[in-house]
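Colleague: For reference, the structure I am asking about is given below.
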Amino acid sequence: MGMDVAQIQSMALVRDLVHGRWKAQALSLILQLRIPQLLEDGPRTLVSLADQLEVSEDGLGRLMNVMVALGLFARDDQGRLTNNDASALLTADNPASLRLDALHTLSPSMGICWDNLEYAVRHGTSGFEHAMGQSVFSYLQDRPAEADVTHAFQAQVTRWNVPGLLATGFFPETGKVVDVGGGNGTTLVELLRQRPGLQGILYDLPDAVERARTIVAAAGLTDRIELREGDFFATVPSGGNLYLLSHVLHDWPDGRAVEIVRAVGAAMGPDSELLVVELAKPKDGGSWVMAYLDLLVLVGLGGRERTADEYRGLVERAGLSVIREAEAGPKDFSLGIVLARCPRDVPTTPRSPDQASRR
Ligand SMILES: C[S@@+](CC[C@H](N)C(=O)[O-])C[C@H]1O[C@@H](n2cnc3c(N)ncnc32)[C@H](O)[C@@H]1O
């Protein structure tokens, strides 16, 4: 009895799931050996690659056979190895490069996360923290190479949000933006470039601030961006007109996320505003990528992806009043953007003319 198309597709799906981890392991070695970069200047024979890398020609040949068969890399008419469109995406120079995504996703810390998936699923909390006794963020403080990749990948993803954020009209032309958990500073630099009247404070843990120092200096913005190290559960710098929490709250379970918003609320002045920016989970759950991200922040950090309504709920639980909301970006990956104030400035009962005039 022959198989129908649906059966063949189901078999391909299951096979792909079964072998996925080992294919990724092979890809990880390809990245470690920097093969896409070594082929950037043109085709190379297997023997010259093996000589340069000081690895077994036979072993490398078998690894490359698998990769070529899977469609990553090709061979020219002389049998030499070359990059193709797929492997070119793993070089740094390609504008659509997936190199940082691959290096981050296949990094040791992510390996620890997924090795502890069972714990995360059984208990609904971070598998990484269970295994390591510390959060991913504190683990990265002592691992500069991994921290570089993690911050650079995060920045590559979120810098593309800047045009959508500015289009909301929620950003002032002048004043001070405090980017709370602002990472390596890339997004704040991009924002300030496009809004020449703005000043900024980048606030994050020491490893991120260290990286921001270089990025802010390279952008020539040291006079407009102040760098501040600290823990956003304990304290947040005061003096900002607009506080930004971009892709921060999804890292944390509800209670901890509310604590962060409260700490921001405590730093806010009577005229300050808070902008929460997150990927908004569609009400129907969205694509597999959204479901995957939701599982990823659980295993890694005990966090969760949320709908725009759920983010609004967190902000309100922290005692702030939501004044406006917006969405930006494509469906399935749209940003939920919540603008909030401290209630002391949003009176629920009308003021008497006398009180109003004193403001
Ligand atoms: C997912 S990244 C978001 C980075 C940036 N806001 C963006 O949109 O690309 C979360 C950031 O929170 C920072 N972070 C984690 N725990 C923190 C803490 N306790 N205090 C301050 N920053 C923290 C991390 O170092 C990281 O840069």
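The values are calculated or read from the model by the stated rules, or taken from the named source; none is laboratory data. Just so it is clear, the model here is predicted, and its values are computed rather than measured. Virtual Cβ from ideal backbone geometry, glycine too; neighbours counted across all protein chains shown.
Colleague: Find all pairs meeting these conditions: Cβ atoms under 6 angstrom apart; at least six residues apart or on different chains; first residue within segment 123-144 and among the polar types (S, T, N, Q); second residue within 15 Å of the ligand (Cβ to nearest atom).
Modeller: From residues that are among the polar types (S, T, N, Q), the pairs are Thr125/Gly302; Ser126/Leu301; Ser126/Gly302; Ser135/Glu129; Gln141/Asp207.
Colleague: Under the condition of being over 18 Å from the mean Cα position of the chain (by Cα) and at negative phi, which residue from segment 278-288 is nearest to the ligand (Cβ to nearest atom)?
Modeller: Pro282
Colleague: Look at Gly59 and say whether it is assigned to a helix (DSSP H, G or I) and within 20 Å of the chain's Cα centre (by Cα).
Modeller: Numbers: assigned to a helix (DSSP H, G or I): yes; within 20 Å of the chain's Cα centre (by Cα): no.
The answer is no for Gly59.
Colleague: Consider Asp254 carefully, then state whether it is farther than 26 Å from Pro108 by Cβ, among the charged types (D, E, K, R) and modelled with pLDDT under 95. Reasoning before the result, please.
Modeller: Numbers: farther than 26 Å from Pro108 by Cβ: yes; among the charged types (D, E, K, R): yes; modelled with pLDDT under 95: no.
No.
Colleague: Quick test for you: out of Leu295, Leu335, Leu275, Leu301, pick the one residue that is more than 30 Å from His123 (Cβ to Cβ) and within 15 Å of the chain's Cα centre (by Cα). Give the steps one after another, and end with the answer.
Modeller: Working: Leu295 fails: more than 30 Å from His123 (Cβ to Cβ); Leu275 fails: within 15 Å of the chain's Cα centre (by Cα); Leu301 fails: more than 30 Å from His123 (Cβ to Cβ).
Exactly one residue qualifies, and that residue is Leu335.
Colleague: Now for a separate question. Provide a single number: the residues in segment 328-340 that are in contact with a strand residue (DSSP E or B) (Cβ under 6 Å, 6 or more places away or on another chain) and not hydrophobic (A, V, I, L, M, F, W, C).
Modeller: Of the residues in segment 328-340, 3 are in contact with a strand residue (DSSP E or B) (Cβ under 6 Å, 6 or more places away or on another chain) and not hydrophobic (A, V, I, L, M, F, W, C).
Colleague: Kindly indicate the residue of segment 62-118 that is of a type in the set (S, T, N, Q) and in contact with a helix residue (DSSP H, G or I) (Cβ under 7 Å, 6 or more places away or on another chain) and also farthest from Phe128 (Cα to Cα) among those meeting that condition. Even if it seems obvious, please write down each step before you answer.
Modeller: Filtering segment 62-118 down to residues of a type in the set (S, T, N, Q) leaves 65, 78, 82-84, 87, 91, 94, 97, 105, 107, 109, 116.
From what is left, the residues that are in contact with a helix residue (DSSP H, G or I) (Cβ under 7 Å, 6 or more places away or on another chain) are 83, 87, 91, 94, 107, 109, 116.
Working: Asn83: 35, Ser87: 31, Thr91: 29, Asn94: 32, Ser107: 13, Ser109: 8, Asn116: 6 Å.
Among them, the one singled out is Asn83.
Colleague: Go through segment 170-217 and give me each residue that's hydrophobic (A, V, I, L, M, F, W, C), in a helix (DSSP H, G or I), away from the ligand (no atom under 12 Å from the Cβ) and in contact with a strand residue (DSSP E or B) (Cβ under 8 Å, 6 or more places away or on another chain).
Modeller: Selection gives Leu192, Val216.
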